[in-house]
Every structure is written in structure tokens, then in C-alpha cells.
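Peer 1: I'd like to ask some things about the structure below.
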Amino acid sequence: MATVHLRIGDLVWGKLGRYPPWPGKIVSPPKDLKKPRGKKCHFVKFFGTEDHAWIKVEQLKPYHAHKEEMIKINKGKRFQQAVDAVEDFLKKAKGKEQNSEGKADSKGKKTPNKPLKILEEDDEDLSALKDPSEKPVKDDPHFHHFLLSQSEKPASSMEPISKRLKIIEEDTGSTSIQAADSTAINGSITPTDKRIGFLGLGLMGSGIVSNLLKMGHVVTVWNRTAEKCDLFIQEGARLGRTPAEVASMCDITFSCVSDPKAARDLVLGPSGVLQGIRPGKCYVEMSTVDPETITELSQVITSRGGRFLEAPVAGSQQLSNDGMLVILAAGDRTVYEDCSSCFQAMGKTSFFLGEAGNAARMMLILNMVQGSFMATIAEGLTLAQATGQSQQTFLDILCQGQMASTFVDQKCQNILQGNFKPDYYLKHIQKDLRLAISMGDMANHPTPMAAAANEVYKRAKALDQSDNDISAVYRAYIH
């Protein structure tokens, strides 16, 4: 494969750690920021963020040549905002070029652009190869904002850089430089100075932790399968050996596990959270469980002087990765306020619903509706096929009507493509339907639609679809 020679000023796609490729521009590093030893890399400023990083050359691709490919595989809102920022940059650059050409013509001469020096892969100090026409990073107004922290006055030199930035060495060979008190993607988030713990690194928890770290929070992680912690340790997280140790080390401990039994075991089991709770410690239960489990956990945590909040999330793995979850919170209002920066990092909005148990009730109702709706869509698709109608045409018509939504489009397209990679586990939506039906029974309220849907999901589970996406309920109708 031919080597692509990149230089300062080039637009690129840079891959940092486990994050997807992101659009950026190769810039000159600060003079006193040395290139990582033994690594062939370029210093990249990422669009749509205030992040700068040393990126290994094999993790870089030219922007224009790979634009269509990257846009197809990345669909997040923040990713699109970053691409839009690149296009705005290109438009402004084109306008400046046209203006400069006009000025040159009016003077009767035109100064040719000086070729940029090509960065060789084995150069030891990239700052020595600075293009005279390229603004140094320290003169970039965005970089000033990135360095300033709480001060309003720009730094007069780059000497204090080590005091103002944290530098995270990653196992991938990339060094990520981020503002220590804020971060790039949302910009406006100032992370709490409280120590954060997180238990459970499944589909939802993994995305949540990544965003907490990216937003500058200090996070200690634990997972039943310890290997899942490795990626987050590389991103800067700390490792807790047991749930009790995490709770004792941290000011606020979050958990996100699969079901009521797992939630209870995490708190009440051997080396569980309860053993690490001391007066003032906060525990936030993010799992989707029944109100009775929440009441029990709230009572045992507060009996030790702890503070309790439930905060289940509405969304999917993709929304978790994108930091676009909806958080439903209930319990101790002061804990909700203390979690403000965490909720901003992981979600697009949050609701406080009053006393503990209310968020569990609301979450089960929402998931009951979503699960029933997904089963109905699958039923419609299979009925279309059984009556000789085009499933694609059914979907096209559906997406032009009042029920049009990203959810409908994505789930139906995945079904038609036979792609059931989990974004939300089928076994979990069936668990939520079961809990919602039980909640209806306790309230003496009928739930016949949910009951019917629950039976379809149970059949899908019997067909070995438990660990597939909820859209795999489709297979219950074709077998």
C-alpha cells in the first residue's frame, strides 16, 4: 500500500483510541510540546471540538478521499456537526483565497502560494517543520479557549501548558490533550470535582463511561467481566476491584446492570456497594428495574447514611455512545443536582420525577410502549410479505406518514437487511414488558396489548434471539 504523505494544513480523518474516525486538520504543535518518542505521528486539531492529539500516521486518512466512506459509517449528531464545521472551514478558506486573488490582480501581480513542507514520518520534532503560512496552535483563538480554563486572559507563552492541560497516554500510541476542566464536544460542560464510580459496562454503560471520561470526569470502573474495563483504563479510568471498593473510593457511584436480581446482588451481595457506603456517599441506580427494587435499594442505602437517586435512561447503544440519552431521575434532589455535569455528558436532557420509584414506573411504561410498537411493526412487515406486498414499499409509505421516525426507519431497514446486531437487547425489552405487566396488575390496570407483545418476545427468546436486537422479534413471526 503506497504511503500517503501528509503535511501541516492537510484535512484528515484521525482515529483516537476506541473512538470513531473524526475530521481534523494537521497543525503545528506548541514549541515545548515534544512528539512522543518512537512514534511516527502528526499533531491534529479536531473539528467540532477543542481536542488536539498526536495521531499515529497509520491512523490518519486524507479527508476528501475518504469523506463518503466515513459519513456512511458514522451517523451521530456530533459527528455531523464536526463534518459541517469542516465544510464551513472550506467555504471560508475558498472565500479568503478569492479575496486574496482579487487584491493581487488589482496590484498587477500575484504571489504564488509557497509549497508546504512535507512532514517526514521519521522526523523527531514536528515543530521544526512549521509552515510559515500556518498559524501556530498557540495563536489559534480556539486553542486559547482550550487553554484558558477559568482565566479570561490569554496565556502570554506556552510555558504554563503542563499546568493547564492533562495529557493522556493511550495504548494506541496516540496522546490526547484535553482541557482539564472542560471538554470539547459540548464545550459548555464543566465536570464535577466529585469522584465518580461506575459499575456495569454493558451496551449502555460503556457509552456512558466513555462520555464521562471524554467530558473530563474522574471515573473509577468495575465490571463483573473484568476484561471489559481494559479499554476504559486506557482512556484514563481507574480500576476498582469490587463494588464495595468503588463505593468507598468515590463520592457518587452509578450502576447500570441487566435486571432487578443483578441490581440487588450488586448492592447486597458479597463485597457489594452497601459495604462501601458511608454517610454522605451517593448511589445512583441507572438500571431499568421495578419500583419495589428501587424502594428496597433506597432504604438500605439511606440506612447507612448514604444518599440515593434512581436514574434509568431511555435510549439505545448508539444514543449512549452519542451522549444523547434521556435520563429519568427520582429520589434525593440534591444528588440529582450533584450529578448535573454527569447527566449533561451522557444525555441530551434529564427529568426529575419526585420520590424514588417514579422513574422506574415511567421507564417501564415507556419501554412497554416501545416493545409493543416494535412487535406491531414486525407483524406489519410479515403480513405485507404474506399478502404479496413489498416490505420495502410498506416501509417507504410508513416513513412518509405520521408514524415516521428514525426508530421506525432504522429498525425496519435492519430487519430487511437481516442485521440484528443489538442496540437494545431483546431479552431486556421482554423483561421490561414483564415488569410493566406486573406493575399494571398491582395497580389493577389492564395491559392486554403489552401482554400480547410479551408472548411474541417470549417466542423470539425460545428461538434463541435473546442476545439480538429487539427488532429480532420479527423472527418470531417467520418461524
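Peer 1: Heavy-atom accessible area per residue, the range 176-356, 1.4 Å probe: how many Å²?
Peer 2: Counting only protein heavy atoms, the per-residue value for the range 176-356 is 36 Å².
Peer 1: Stick to the Cα atoms of the range 362-476, pair each with every other, and give me the Kirkwood hydrodynamic radius in Å at one decimal.
Peer 2: With all distinct Cα pairs of the range 362-476 included, I get 14.4 Å.
Peer 1: In addition: Taking all pairs of distinct Cα atoms, average 1/r, flip it, and tell me the Kirkwood hydrodynamic radius of the range 257-388 in Å to one decimal place.
Peer 2: Answer for the range 257-388: a Kirkwood hydrodynamic radius of 16.0 Å.
Peer 1: Treat each spin label as a single point 7 Å out from the Cα along the C-beta direction, and report the Glu292 to Ser438 distance in nm.
Peer 2: According to this spin-label approximation, the distance is 0.6 nm.
Peer 1: Once neighbouring chains are kept in place and the probe is 1.4 Å, which whole percent of the accessible area of the range 218-313 is contributed by carbon and sulfur?
Peer 2: 52
Peer 1: Taking the Cα atoms of the range 176-356 alone, what are Rg (to one decimal) and Dmax (as a whole number) in Å?
Peer 2: Here Rg and the maximum Cα pair distance are 14.7, 45 Å.
Peer 1: Sticking with this structure for a sec: What is the set of long-range amide H partners of Thr253 at a cut-off below 5 Å, with H atoms built 1.01 Å from backbone N?
Peer 2: Counting only residues 5 or more places away or on other chains, the set is Gly197, Cys282, Tyr283, Val284.
Peer 1: A follow-up question, please. Rounded to whole Å, give me the distance from the Cα center of the range 63-77 to that of the range 267-321.
Peer 2: Cα centres, the range 63-77 to the range 267-321: 39 Å.
Peer 1: Evaluate the relative contact order of the range 388-479 (contact order divided by residue number), counting alpha-carbon pairs under 8 angstrom at least 6 apart; express in whole percent.
Peer 2: Answer for the range 388-479 is 34 percent.
Peer 1: Given 0.36 nm per residue, what is the gain on full extension from Glu87 to Lys261 after removing their alpha carbon distance, in nm?
Peer 2: Answer, rounded to one decimal: 57.7 nm.
Peer 1: Show me, bin by bin at 10 Å from 0, the whole-percent P(r) of the range 10-92 based on Cα pairs.
Peer 2: Taking all Cα pairs of the range 10-92, the binned fractions are 18, 53, 24, 5 percent.
Peer 1: Sticking with this one: For the range 218-300, what does the relative contact order come out to in percent, with C-alpha contacts under 8 Å and a separation of six or more?
Peer 2: 29
Peer 1: Would you rank Arg304, Arg7 by solvent-accessible area, highest first, keeping every protein chain in place and using a 1.4 Å probe?
Peer 2: Arg304, Arg7
Peer 1: Still on this structure, I have one more. What is the distance, in nm, between label points placed 7 Å from the Cα along the Cα-to-Cβ direction at Ser405 and at Gln80?
Peer 2: 1.7
Peer 1: Also, I was wondering about something else. Whole number please: convex hull volume per residue of the Cα set in the range 196-256, in Å³?
Peer 2: Per residue, the Cα convex hull of the range 196-256 comes to 66 Å³.
Peer 1: To continue, here is another question. Full extension from Asp464 to Ala386: what is 0.36 nm times the residue separation minus their Cα-Cα distance, to one decimal in nm?
Peer 2: Stretched fully, the Asp464-Ala386 segment lengthens by 25.7 nm.
Peer 1: Here is a further query. Express as a percent, rounded to the nearest 5, the fraction of DSSP beta bridges in the range 176-356 (both residues included) that run antiparallel.
Peer 2: Of the beta bridges lying entirely in the range 176-356, close to 15 percent run antiparallel.
Peer 1: Counting only heavy atoms of protein chains, what accessible area per residue, in Å², does the range 362-476 have with a probe of 1.4 Å?
Peer 2: Using a 1.4 Å probe on heavy atoms only, each residue of the range 362-476 averages 52 Å².
Peer 1: Using only alpha carbon pairs under 8 Å that are at least six residues apart, calculate the relative contact order of the range 176-356 and give it in whole percent.
Peer 2: Here the relative contact order equals 20 percent.
Peer 1: Longer than 30 Å from Cα to Cα, which of Lys25/Lys348; Lys228/Lys421; Lys348/Lys431; Lys40/Lys72; Lys92/Lys194 are they? Say none if no pair is.
Peer 2: Pairs exceeding 30 Å: Lys92/Lys194.
Peer 1: Past the 20 angstrom mark, what percentage of all C-alpha to C-alpha distances in the range 243-328 do you count?
Peer 2: 30
Peer 1: While we're here: How much length would be gained if the chain were fully extended between Lys72 and Arg241, taking 0.36 nm per residue of separation minus their Cα-Cα distance, in nm to one decimal?
Peer 2: My answer for the length gained is 56.9 nm.
The values are calculated or read from the model by the stated rules, or taken from the named source; none is laboratory data. What you see is a predicted model; the values in this text were computed from it and never measured. In this analysis, Cβ positions are derived from the backbone assuming ideal geometry, glycine residues included, and neighbour counts consider all displayed protein chains. Calculation scope for accessible area: heavy atoms of the full protein, side chains included, ligands and nucleic acids excluded. Shrake-Rupley method; radii C 1.70, N 1.55, O 1.52, S 1.80 Å.
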